[in-house]
Structures are given as structure tokens and as C-alpha cells.
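J.: Provided herewith is a single structure, encoded as C-alpha cells, for subsequent inquiry.
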Amino acid sequence: MGDLHVKETGTASFKDLFTEISQAADILVLTGDLTDLGKPKEAELLAADLRACTIPVVAVLGNHDYECGHVEEVTAIFKDAGVHLLEGQAVEINGVGFAGVKGFAGGFGRYMLGSFGEPAIKAMVAESVEETMRLENALRQVRSERAMVVLHYAPIPDTVVGEPQEIYAFLGSSRLAETIDRFPVSAVVHGHAHRGTYEGRTPGGAPVYNVASHIEKPTGRPYALLDL
Ligand SMILES: [Fe+2]
Ligand SMILES: [Fe+2]
């Protein structure tokens, strides 16, 4: 599940949902935008709700978790709460390797933003490439036969369909899929595109799921259940 966007008003509690998920699943995977503005207070509220979760939690951060410039504090709060927060690393739980990075924007296929022109554009492309290299390093660490890639940004355009086409390039990057397809990957999950599409595949055939909480899923619940 992704895009919880926990606000500091604390109006929405995820406790009951985490209790439900703990009964339905073996591992909870959170695909970023855990907080709405990246405020430590928001992270603390979610960390408190996560105490209701009795299964291991794997997560990546999203762009919203960077908004306030307190990403280090937010990261520490989640790590202290026992969350396996991945930023270019892998963790193996119950025989499944999880490789996680936030990812970045940049667009898809032949329309991907290229490193040309102003330094600001080059910096944007460099950030996208760097996130891809972090994902590659994470995937190299995976030893188990079953691997799940955890992202915030989309690696393919298919799972952002439903969003305005004009913003596709801000929702993900094909560079992520190019890296994924060089490794045996059982499933890819991401969020970020709240109005996107649940299911797609990388060009190499790896199944991709947009698990943003807003997306309609076969469970009929805000979370997806995936069997690896
Ligand atoms: Fe989001
Ligand atoms: Fe996002």
C-alpha cells in the first residue's frame, strides 16, 4: 500500500487497517508518501499507528516525505519504529528479497528527459540516473529466488494511465524498468500516481502494481495482496 499521506491533524488513524493487514498478510510493504508534508510530527503519528502492525514492515519514502526538509529525522523515526526503510538497499524477509528506492521522475520510453541544455535539466536527469543506480545496487544484494522491487515513482507508463497525460513525465521513469529487467524480479510495487492504474508489466515481463491507497484493487480495500 502506498500514499498514506498522514497529516499532523491526526484525523485519519491507520490502526484498524494495520490490524486487518496483519491478519491478511505476512509482510506489509509501504511505497512512500507515508507523510503528507514530511513533518516529523506526521511520521510520529504513523509510527504510533504502526504499533498495531504485528508483521514486518518494509518501506521506501516518497516525494512528500521530503517536502519539509526533515528527511533525516523522518527516516530515523520510521527506523526506530522497526520499519525496514530502504534507500538503495535490500532486505530479506521470509525468503523474499526486497530491493527498494524512491525512484524519480523523468518520463517514459523515447520521450524520457535527456541530459541536455541547462544545468538544472542535467541535474534532474542525473538524479533519475542515480536513483536507478541505487536500485541496481539493491538488486545486486538480493540472494533469494523471489525478489520484490519497492518504489515510489512508476517504472512504466501503464500504471500511471488515468492521470493527465501532461504529467506522466513527473510520475516516473523508464530508467527504473530498464534496470529491473536485468534482474529476475517477481513483482514491482509503486505508488505516487493516485489516479493511475493498478496493474501493468515492464517490457521484460515483470508484473508491476500501483498500490497507492487511492487505487481500486482486487481486494476492494486500500491495500493489495500479492503472492510471490
Ligand atoms: Fe502520493
Ligand atoms: Fe508522491
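J.: When a/c is below 1.5 the answer is rounded, else prolate if a/b is larger than b/c, else oblate, so apply that to region 18-147 with a ≥ b ≥ c taken from the square roots of the Cα gyration tensor eigenvalues.
T.: Note, shape of region 18-147 comes out oblate.
J.: Collect residues whose amide H, placed 1.01 Å from N in the peptide plane, falls under 5 Å from the amide H of GLU199; neighbours closer than 5 in sequence don't count.
T.: Here the answer is ASN210, since their amide H atoms fall under 5 Å of that of GLU199.
J.: Are there trypsin sites (Lys or Arg not before Pro) in region 7-42 that DSSP marks as loop and that have at most 16 other Cβ atoms within 10 Å, and which are they?
T.: Answer by residue number: LYS7.
J.: Find out how many positive minus negative residues lie around PRO56, taking Lys and Arg as positive, Asp and Glu as negative, among other residues whose Cβ is under 11 Å from that of PRO56.
T.: With Lys, Arg at +1 and Asp, Glu at -1, the neighbours total -2.
J.: Please work out how much length the chain gains when fully extended from GLU118 to THR219, using 0.36 nm per residue of separation minus the C-alpha to C-alpha distance, in nm with one decimal.
T.: My answer for the length gained is 31.8 nm.
J.: To continue, here is another question. If you plug each phi of region 101-114 into the Karplus form 6.51 cos²θ - 1.76 cosθ + 1.60 with θ = phi - 60°, what whole-Hz ³J(HN,Hα) values come out, in order, with x for Gly and Pro?
T.: 8, 5, x, 7, 7, x, x, 10, x, 6, 9, 4, 5, x
J.: In debye to the nearest 20, how big a dipole does region 28-104 give about its Cα centre with +1 on each Lys and Arg Cβ and -1 on each Asp and Glu Cβ?
T.: Charge dipole, region 28-104, about its Cα centre: 160 debye, nearest 20.
J.: Next question, about the same structure. Sticking with the crude label model, points 7 Å out along Cα→Cβ, report the distance from ASP16 to ASN137 in nm, one decimal please.
T.: Between ASP16 and ASN137, the simple spin-label model gives 4.3 nm.
J.: A further question follows. Can you compute the charge dipole magnitude of region 98-228 about its Cα centre, using +1 on each Lys and Arg Cβ and -1 on each Asp and Glu Cβ, nothing else charged? Give it in debye, rounded to the nearest 20.
T.: My answer is approximately 260 debye.
J.: Please report MET148, MET133 as a ranked list, fewest other C-beta atoms within 10 angstrom at the top and most at the bottom.
T.: Ascending number of Cβ neighbours within 10 Å: MET133, MET148.
J.: Read phi for every residue in region 48-60 and hand back ³J(HN,Hα) as whole Hz from Karplus 6.51 cos²θ - 1.76 cosθ + 1.60, θ = phi - 60°, with x for Gly and Pro.
T.: Result, ordered by residue: 5, 5, 5, 5, 6, 8, 9, 10, x, 10, 10, 8, 10 Hz.
J.: Sort HIS64, HIS190 so the one with the fewest other Cβ atoms within 10 Å of its own Cβ comes first.
T.: Lowest to highest Cβ neighbour count: HIS64, HIS190.
J.: Among MET124, SER13, LEU85, whose Cα projects farthest towards the positive end of the dipole of region 1-142, with charges put on the beta-carbon of Lys, Arg (+1) and Asp, Glu (-1)?
T.: MET124
J.: At 222 nm, what helix-only mean residue ellipticity would the chain give, in deg cm²/dmol to the nearest 500, using -39500 (n - 2.57) for each DSSP H run of four or more?
T.: -8000 deg cm²/dmol
J.: Mean separation of Cα pairs under 8 Å and 6+ residues apart, divided by the residue count of region 50-91: what relative contact order is that in percent?
T.: 53 percent
J.: Also: List the relative contact order of region 1-160 as a percent without decimals, with contacts defined as Cα pairs under 8 Å and 6+ residues apart.
T.: Over region 1-160, the number comes to 22 percent.
J.: With a cut-off of at most 15 other beta carbons within 10 Å, and DSSP calling the residue loop, which chymotrypsin sites (Phe, Trp or Tyr not before Pro) in region 87-131 qualify? Please list them.
T.: PHE116
J.: Turning to a different aspect of this structure: Per-residue HN-Hα couplings for region 91-97, Karplus 6.51 cos²θ - 1.76 cosθ + 1.60 at θ = phi - 60°, whole Hz, x for Gly and Pro?
T.: 9, 10, 9, 6, x, 10, x
J.: Towards the positive end of the charge dipole of the chain, with charges on Cβ (+1 Lys, Arg; -1 Asp, Glu), say which of LEU139, VAL189, THR219 has the farthest Cα.
T.: Most positive-ward Cα: LEU139.
J.: Treating only the Cβ of Lys, Arg, Asp and Glu as charged (+1, +1, -1, -1), what charge dipole size does the chain show about its Cα centre? Round to the nearest 20 debye.
T.: Charge dipole, the chain, about its Cα centre: 400 debye, nearest 20.
J.: Shape call for region 97-163 from the C-alpha gyration tensor, a ≥ b ≥ c root eigenvalues: rounded (a/c under 1.5), prolate (a/b greater than b/c) or oblate?
T.: It is oblate, given that a/c is not under 1.5 and a/b is not larger than b/c.
Read-outs: derived from the displayed coordinates by stated rules, not from any lab. For clarity, every value in this text was computed on a predicted model and none was experimentally measured. Quick reminder, even Gly has a Cβ in these numbers, built from the backbone with ideal geometry, and neighbours come from all protein chains shown.
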